[in-house]
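Quick notes on the structure that follows.
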Amino acid sequence: MNEFSQTVNLLFMKKTIKYFIIFYCAVCFSQKKTLTVDYTLYIAENIPEKNSHKLEILKDIDLKNEKFFFKLYINDSISYFIDNNGISSSNLSTKLAINKTKYSTPIFFVNNTFYFKNNPSFIFFDRNEFLIKKERINNWEITSESKIIDGRICYKATTKDYYYHNKGKKIDYEITAWFCPELPFRFGPVYYNNLPGLIIEISYLDIKLVATSLKYELDERKIVKPTGNNIVTIDEYNSKLTDKMAEMFEELEKQNGKK
Amino acid sequence: MKKLFFSAVALVAFNSVSIANTIQIEEEKVKDEKAITFYLTKCDQIYLTTLLKAIELEFSNEDASDIAGAAYQVCKEKEVKQN
């Protein structure tokens, strides 16, 4: 009898554990994957500038080091990357410091594509004139090089991207990212994601963005889907910008000539 | 009855065609007016001169736009003060 009750108890225990595991997994997988990440901007020291006008404009940028923060909101398959009010600041060196990241307006990511508005500082385009799209990078090279960041093992990945400097000149640059598979979010700052773990640290050109805070919560109201009258690729936008600039310079010359 | 039906359809069709044409013409007119009356204000000129100078100094489009934007803002603030 005693043996019988022990067997029944054991069977009951086994069943309870089995159902508990099933229930726990169901709860875990049915939950939305949400995360809010803070990134801090680090700027490398400027190469001494020979041109005095340029030096005057750039002189305060170094003072902005570690003073800019960005937020990355992740909600399942979408993300939203936004500066902490720096870009809307009227301070020029603040704007120039943020420009170093190649970020100009908040970046919304959905369906493998990044969307963002045109830079409002170019006054000859309306604020809502364009919604610029940029495809995500698919050719990351993941290395076995690793390092521990905040107690998590992270791996190094590299790739290349480009930006348009001026007059349509395209500049390629290399990117180094450190992602942590322990954090199963295929997201990261600015235009960079699609690695098997959250990007904790990224460096390119003369900047570095480092994740300084992680919260497994999200205020969905903070995610604002950008809109624009014309959806264009980044290449199309740069071509339109170059053309518009040329047109406006011509107009300026015409009007100055009339005087 | 059939005649009446077809006349009604024809009337609606022609009407919409004529309306559609009017809208198109009006749009074109607006475009033409914009082209004729386009004029750069003093602040626009300051913006463009600064933009051109910044590009000559090898700033990127984004940086140059922000530098020119700052000059434009100063100009606009001066205008408000003067008025």
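Couple of notes before you dig in:
For (1) over 26 Å from B:Asp63 (Cβ atoms); (2) more than 14 Å from chain B (Cβ to nearest Cβ); (3) crowded, with 18+ Cβ neighbours inside 10 Å; (4) among the acidic types (Asp, Glu), each residue gets a yes or a no:
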position: A:Lys156; (1), (2), (3), (4): yes, yes, no, no
position: A:Lys160; (1), (2), (3), (4): no, yes, no, no
position: A:Lys167; (1), (2), (3), (4): no, no, no, no
position: A:Cys180; (1), (2), (3), (4): yes, yes, yes, no
position: A:Pro189; (1), (2), (3), (4): no, yes, yes, no
position: A:Tyr204; (1), (2), (3), (4): no, yes, yes, no
position: A:Glu220; (1), (2), (3), (4): yes, yes, no, yes
position: A:Asn230; (1), (2), (3), (4): no, yes, no, no
position: A:Ala246; (1), (2), (3), (4): no, no, no, no
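- Contact map, the range A:208-229: residues that are touching a residue at least 60 places away in the same chain (Cβ under 8 Å) paired with residues that are assigned to a loop (DSSP other than H, G, I, E, B) and open to solvent by 50 Å² or more (accessible area, probe 1.4 Å), Cβ distance under 7 Å, separation 6+ or inter-chain. Pairs shown: A:Thr227/A:Asn128; A:Gly228/A:Asn128; A:Asn229/A:Asn128.
- Which listed residue, of B:Lys29, B:Lys81, B:Lys53, is open to solvent by 60 Å² or more (accessible area, probe 1.4 Å), at pLDDT 50 or above, away from chain A (no Cβ under 14 Å) and part of a helix (DSSP H, G or I): B:Lys81
- Members of the range B:35-48 found to be within 27 Å of A:Tyr103 (Cβ to Cβ) and facing chain A (nearest Cβ under 7 Å), listed by number: B:Tyr47, B:Leu48
- For the range A:100-110, filtered to residues that are within 11 Å of chain B (Cβ to nearest Cβ) and surrounded by 22 or more Cβ atoms within 10 Å (Cβ to Cβ), the residue that is nearest to A:Asn128 (Cα to Cα) is A:Ser104.
- Filtering the range B:63-72 to residues that are under 22 Å from the mean Cα position of the chain (by Cα) and within 7 Å of chain A (Cβ to nearest Cβ) leaves B:Ser65, B:Asp66, B:Gly69, B:Tyr72.
- Among residues of the range A:216-259 being of a type in the set (A, V, I, L, M) and within 18 Å of the chain's Cα centre (by Cα), the one that is farthest from A:Leu72 (Cα to Cα) is A:Ile234.
The values are calculated or read from the model by the stated rules, or taken from the named source; none is laboratory data. Treat the numbers as computed from the prediction; the structure is a model and nothing was measured. A quick note on method: Cβ atoms are made from the backbone with ideal geometry, for glycine too, and the neighbour counts reach across all protein chains shown. All accessible areas refer to the heavy atoms of the entire protein, side chains included, with ligands and DNA or RNA removed. Shrake-Rupley method; radii C 1.70, N 1.55, O 1.52, S 1.80 Å.
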